[in-house]
Amino acid sequence: MEGTTEYLAGRIPAPPEVALVLGSGLGALADAVEDAVRVAYGEIPGFAASTVVGHAGRMVAGRLEGRSVLAFQGRYHAYEGHPAAALAAPVRVAAALGARTLIVTCAAGGVNADLAAGSLMLIADHLNLMGQNPLVGPVLPGEERFPDMTEAYDRSLMTLAESVAKAEGIAVSRGVYAALLGPSYETPAEVRMLRMLGADAVGMSTVPEVIAARAGGLRVLGIALITNAAAGISGTPLDHAEVVVAGAEAAERFQRLVRGVLRGLPRPGGSA
Ligand code: HPA
């Protein structure tokens, strides 16, 4: 991590306040970053090249809504074969560079039948069903061995996101995100199981980043775009193309929400 941090510290224009991890179909927000410095993941020492269609795989540092941001356009997934620690590398490096807030986003299937495709869900809590944890191994500098996960997703950031959503006329709900390894989608029986366990949405990411963020003391806002009803709910087969299409369709709403949150974040050392 040290070499990675040093390398990026030499390339970014300013220390980031906020790290943004942009999931499937949601990466366009990084194109709006001003005074942007773009670095492909493949160029960053300690990062692997990312492979999935719809994921650009680059870091974009610059300003958005007057805040210094470090956006990750495309993420590593466990199902690509990356070890859990590699999934957490972007968040860890953002923390090492100074970010104190993480806004993490993803595409997800709706397990709760009330969640329509195209809707946005604030992640209020999660179920880690990936069978992995990025903190396994030695404790890294600046991280805790046993981070408390009682409030993994920051209440005040959720409240802020809800007030932005209300002002912008964007519908959002709160729910529990279940993370599975993938890459096969769930079976209908698994989706019924997830519903019994209390999940509202299901995906294959996000949780490793959130765990690393909490270990490093970052505040987290999680936003899931429901791209489809989870398997067995609508009766139609799932297709990755619909995930990408739903992302494009929701991009404008999603960007307004995140921009509003960035505007509303408390200023370091300021009153609001
Ligand atoms: N399941 C898991 N991950 C997903 C889904 C889904 O239905 N949709 C988008 N990501």
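Descriptive notes on the structure:
- Kyte-Doolittle at least 0.0, axis length at least 15 Å by Cα - qualifying DSSP helices, the chain: 84-97, 155-168, 240-264
- q = 0.10, 0.13, 0.17, 0.21 Å⁻¹, the range 144-272: log10 I(q)/I(0) [Debye, one scatterer per Cα]: -0.39, -0.66, -1.07, -1.38
- Here the range 132-194 is assigned +1 on the Cβ of each Lys and Arg and -1 on the Cβ of each Asp and Glu. Its dipole about the Cα centre then comes out at about 160 debye.
- Spacing of the two label points (7 Å from each Cα toward its C-beta) at R267 and M149, in nm: 3.7 nm
- Three principal axis lengths of the chain [C-alpha, angstrom, descending]: 51, 43, 34
- Binning the C-alpha pair distances of the range 83-153 at 10 Å intervals from 0 yields a P(r) profile of 14, 43, 31, 11, 1 %, listed from the shortest bin outward.
- Relative to the current alpha-carbon distance between A248 and A48, full extension at 0.36 nm per residue lengthens the span by 69.4 nm.
- Three-way shape label, the range 40-162, alpha-carbon gyration tensor, a/c 1.5: rounded
- Extension gain (nm, one decimal) between V139 and T187, 0.36 nm per residue minus Cα-Cα: 13.7 nm
- What separates the Cα centres of the range 240-256 and the range 105-137 is a distance of 16 Å.
Read the figures in this text as sums done on the coordinates, not as results from a lab. Source: prediction; values computed, not measured. Neighbour counts run over all protein chains shown; Cβ positions are idealised from the backbone, glycine included.
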